[in-house]
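The values are calculated or read from the model by the stated rules, or taken from the named source; none is laboratory data. Remember, it's a predicted structure, so these values are computed and weren't measured experimentally. Every residue, glycine among them, receives a Cβ derived from its backbone with ideal geometry; neighbour counts consider all protein chains shown.
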Amino acid sequence: MTGGWPLVGRSATLRAIVATARSGRRTGAVLVGPPGVGRTRLARAALAAVCGAEAPRTGAGARGSGGGAPARWAPCWVMAGSSTASIPLGAMAHLFPDLDPVGSPTARLLREARHRLLAHAGDARLVLAVDDAHVLDETSAILLQQLAVSGDAFVIVTVPSGVVVPSPVFALWKEGLTERIDIAELDRGQSDRLVVHALCDDEPGTIVDGGALAHLWRLARGNPLFLRELVDGGRAGGALRRVGAVWRWEGPFPGTPRLVEMVAAQTGVLDDAEQDLMRVLAFGQPLDSEVAADLFDPDALASAESRGLLASSRVGNRVDLHLAHPLHTEILRGRVTPLQEREIYRRLSEAVVSGGGLRDEDRWRTVSWQVAQGLPTDPRELLRAATELRARHPELAGRLLAAAVEQNGDAPGRLALAGGLIRLGHVEQAESVLAELDARAGAGEPGAAGVRLDAAVVRVHNLYWGLRAFGRVDEVLRAIPGTGPDEGDGDEPAALTVLRAFRALLGGQPVEAARIVAPVADDDTAGLPALAVAAMASAKSGRYGATVGYAKRADPMAPGLEDGGWLRFQVLAAWWYALVQSGDLDAADALALPCHRAAVDRELDRYSALFATWLGIVAGRRGRVATASHWLLEAAAAVPADGFSFTMPLVGELAVAMASSGRVARAKAVLAEGERVPGDMLLTGWAHPARVFVAGIEGRTSHAATIALAAADGAETHGHRLQALHTAVRAGLTGEVTDRLTVLAADAEGPLERAYGAHAAALAGTDADGLDRVAVRFADLGFVLLAAEAAAQAAHAHRAAGRTGSSAASASRARAWAQDCEGAHTPALGLLEGSSDLTPREHEIAALAATGMTSKAIAGELVVSVRTVDNVLRSVYAKLGVSGRGDLTQVAGIRPGA
């Protein structure tokens, strides 16, 4: 930002201070809060806000202008400091430049200082702000109290929490002279808003990635001072940078000198024992208090906790210790040498092992400490430790996996290692491990041949979903005998059946893939690989009920994305797609949201981008085009397009959201960028509806029809065919588009795809009532933009038939739904322009009347007369061709009970 950071989350406090000043019921406010919380900034803002308000009129104990005229304020700012704490009136010396305090009795100094302040204020009311009043000299503190007691000034005072203050300052709130206001650190929402304001206010159209917001929250914990330094330091060092329209965090912790100094100032001077304690905790937290007692003097532990340097928490029967603030951890880790780090891990290992009674987490962390010391460790132990630690310590888990890669384990161990690498997003390393395992099997290494097929299943999915290396997927499949479409003999290993089905699926034959894998997937003992391929094949075939059945048996949400890697993701993807195409948007979001949160918390960019794409797609289906753009832009900035599994869905949906928002040129550029990315084998069809939509927005209806019909012939996914054809219907196309869509929709399982067919038939038949019914069906499913478009088409059809009342009613419903679509503009909504519709005021009153409110109640709600309400309702009845309130429910676009 070009100016200062905005003051976020403090508006209620400012209003309270101004109200106190105006009312005269108190003579000030004392702001108390921890370091860095923004006390000084808030005091300055409060001083400005009070001075901009009307002062209390002249009364007992208060100064002001006479004659009942509004009073003014005379502001004074005082910043106390330790350097002036021993000088009488030292903090206020700038207010009395010719007053010599040396040798003067305190009483005379106080009398003279008070006289000069009031003379300076003149007819105005004095408002005195004192920052850091806990280090005021005694004379200044007494003067502050006297001004508050007499009412000659309104005082605004800041004090850090947890410190001893001079008695006169303490008396300000103890005696009820002032309001004590405790200032808390920002909550998560306020922290996010502050970052967005700081980064985006000067660059309209930009957004902040959710991962960056989460990272800044984890480090600053709502401390505005730390947050600002992290943002400024991150930008200066390049860790926080803009990728397209998205601000992302892509780098190490920015341990700037200013930030280090700020944290050091907060912790204060540490003795050797406290420094050692904090260094060890930075690498070993959470640390059992019993272990800590063996390593450190109990007095050092007690002192550190009382000073707020460490915190303790009860976990079962034990007490764990950790550093009080995440920044302490980051800064201490950055200042320790490799030799010191190794020695810390040695001390931790010895202390934990000698203490006995290890929890499982202690055992795995001990393994990690041994690795950090350079000690040899069994690769299986490393893998188990990484698996246990990945949720709470992803960085540490990654280190353990890297150490395991360097060691030469057996074939089952290497396969397990590859799975662990995939789970933590290290897909390139996983491919190296799997490729080496395949080479060992080809060379006849004992044990490797037995896991070769299982490894191939993991490998082709990692190549497809993780690396997007489609050519290499085909190479791996062709190199395995028996994966051809006609090579199954019914007595083959389950893994080989899965590979054959996956090959058919990638070849654009989802029905055949489902047939091949069914004997294995339908067995009660089916494993994750068979269920994953069966779920995806069923989803692409339009068999959404079967998809959900396979997905539930695989139970992908039980441990989240912890096990199974890309196979589990494939189950989730198929399930999510089946929910979207079935019209169950709430369930689709319920599937994606926890996965996205988990990925962001663990800073797994690849996975968070995938789930952000899903959230963006669902937002777009709801008609929330701005929200959809936000999610999709965030996902697009997280990973390179040519290495992202969901590039085509992302590109297609982002183009639709942008075109719906009026950014047609940008939408076309997005589609062009997507076309330059090598096409995948499962998701290419997502681009067809986007191309149809953009052509329709531009008015090129013939081209839109051509694309839609080509998609109906060429798209291998049932849903993509329907989606492309229905997008053409949204643009007003009928004819062959209608014929093809109604045939496909007749065999559809879900209510959404059947509604597509009904929409096409009603539009082709100029069935206005049918379009009205379809609009309600879309709205009931949550597809609000589709509902608005169908209602707009119904209004157009009614108007063409001369039914002006019905046309106005449909148009009113269309506008009501369109209001929830974040400014979307589509060809169908364009039909509303120039139509005889209700004015905003008429629609508002009609909507309230439709809920059963009386004219008197509506008048009270809108602050108008009852006669005005009745007159407006008569105009509404005439426009809509209805007889009274009872007919307004559907006209106003409000369903009964809303």
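What number of residues in the stretch 772-802 are over 37 Å from the mean Cα position of the chain (by Cα) and farther than 10 Å from Ala814 by Cα?
7
If a residue has to be in contact (Cβ under 8 Å) with a residue 12 or more places away in the chain, surrounded by fewer than 24 Cβ atoms within 10 Å (Cβ to Cβ) and not acidic (Asp, Glu) to count, how many in the stretch 732-753 make the cut? Reasoning before the result, please.
Looking only at the stretch 732-753, we keep the residues that are in contact (Cβ under 8 Å) with a residue 12 or more places away in the chain, and these are 732-738, 740-742, 744-745, 747-753.
Filter again for surrounded by fewer than 24 Cβ atoms within 10 Å (Cβ to Cβ), leaving 732, 734-736, 738, 740, 742, 744-745, 747-751.
Narrowing the set further to residues that are not acidic (Asp, Glu) leaves 732, 734-735, 738, 740, 742, 744-745, 748, 750-751.
Of the residues in the stretch 732-753, 11 are in contact (Cβ under 8 Å) with a residue 12 or more places away in the chain, surrounded by fewer than 24 Cβ atoms within 10 Å (Cβ to Cβ) and not acidic (Asp, Glu).
Quick grid of which residues meet (1) modelled with pLDDT of 90 or more; (2) in the same structural domain as Ala46 (by TED's automatic domain parsing); (3) β-branched (Val, Ile, Thr):
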site: Thr84; (1), (2), (3): no, yes, yes
site: Leu99; (1), (2), (3): no, yes, no
site: Gly103; (1), (2), (3): no, yes, no
site: Ala129; (1), (2), (3): yes, yes, no
site: Ala133; (1), (2), (3): yes, yes, no
site: Ser140; (1), (2), (3): yes, yes, no
site: Ala148; (1), (2), (3): yes, yes, no
site: Ser161; (1), (2), (3): no, yes, no
site: Val169; (1), (2), (3): yes, yes, yes
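Which is in a helix (DSSP H, G or I), at pLDDT 90 or above, over 20 Å from Asp601 (Cβ atoms) and β-branched (Val, Ile, Thr), of Val260, Val231, Val195? Unique residue meeting the criteria: Val231. Residues that are in contact (Cβ under 8 Å) with a residue 24 or more places away in the chain, of a type in the set (Phe, Trp, Tyr), crowded, with 21+ Cβ neighbours inside 10 Å and outside any helix (DSSP H, G or I) are absent from the stretch 672-694.
It is to be established whether one or more residues within the stretch 440-455 are outside any helix (DSSP H, G or I), modelled with pLDDT of 80 or more and farther than 26 Å from Leu572 by Cα. Let's see the steps before the verdict.
Of the stretch 440-455, the ones outside any helix (DSSP H, G or I) are 443-448.
From what's left, modelled with pLDDT of 80 or more: none.
Taking every residue of the stretch 440-455 in turn, none turns out to be outside any helix (DSSP H, G or I), modelled with pLDDT of 80 or more and farther than 26 Å from Leu572 by Cα.
For the stretch 263-282, what are the residues that are in contact (Cβ under 8 Å) with a residue 12 or more places away in the chain, part of a helix (DSSP H, G or I) and more than 19 Å from His215 (Cα to Cα)? Within the stretch 263-282, Ala265, Gln266, Thr267, Ala273, Glu274, Asp276, Leu277, Met278, Arg279, Val280, Leu281 meet the criteria.
Scan the stretch 228-261 residue by residue and report those that are β-branched (Val, Ile, Thr) and surrounded by fewer than 19 Cβ atoms within 10 Å (Cβ to Cβ). Reasoning before the result, please.
At the first step, the residues of the stretch 228-261 found to be β-branched (Val, Ile, Thr) are 231, 243, 246, 256, 260.
Passing the criteria: Val243, Thr256, Val260.
From the list Gly542, Gly508, the one residue that fits, being closer than 22 Å to Gly750 by Cα, part of a loop (DSSP other than H, G, I, E, B) and at pLDDT below 95, is Gly542.
Hey, can you tell me all the residues within the stretch 698-707 that are part of a helix (DSSP H, G or I), in contact (Cβ under 8 Å) with a residue 24 or more places away in the chain and either in contact with a strand residue (DSSP E or B) (Cβ under 9 Å, 6 or more places away or on another chain) or surrounded by fewer than 23 Cβ atoms within 10 Å (Cβ to Cβ) (or both)? Quick ask: steps written out before the conclusion?
Residues of the stretch 698-707 part of a helix (DSSP H, G or I): 701-707.
So of that shortlist, the ones also in contact (Cβ under 8 Å) with a residue 24 or more places away in the chain come out as 701, 704-705.
Within the stretch 698-707, Thr701, Ala705 qualify.
Going through the stretch 262-275 one residue at a time, which ones are crowded, with 17+ Cβ neighbours inside 10 Å and of a type outside the set (A, V, I, L, M)? Hits for the stretch 262-275 are Gln266, Thr267, Glu274. When each of Ala302, Ala351 is tested for being aliphatic (A, V, I, L, M), at pLDDT 80 or above, in a helix (DSSP H, G or I) and loosely packed, with under 14 Cβ neighbours inside 10 Å, the lone residue that passes is Ala302.
If you go through the stretch 20-42 one residue at a time, do you hit one that is farther than 30 Å from His325 by Cβ and among the hydrophobic types (A, V, I, L, M, F, W, C)?
Looking only at the stretch 20-42, we keep the residues that are farther than 30 Å from His325 by Cβ, and these are 20-28.
Keeping just the survivors that are among the hydrophobic types (A, V, I, L, M, F, W, C) gives 21.
Yes - at least one qualifying residue is present in the stretch 20-42.
Selection of the stretch 708-726 for residues being of a type in the set (D, E, K, R) and either within 33 Å of the chain's Cα centre (by Cα) or part of a helix (DSSP H, G or I) (or both) yields Asp713, Arg721.
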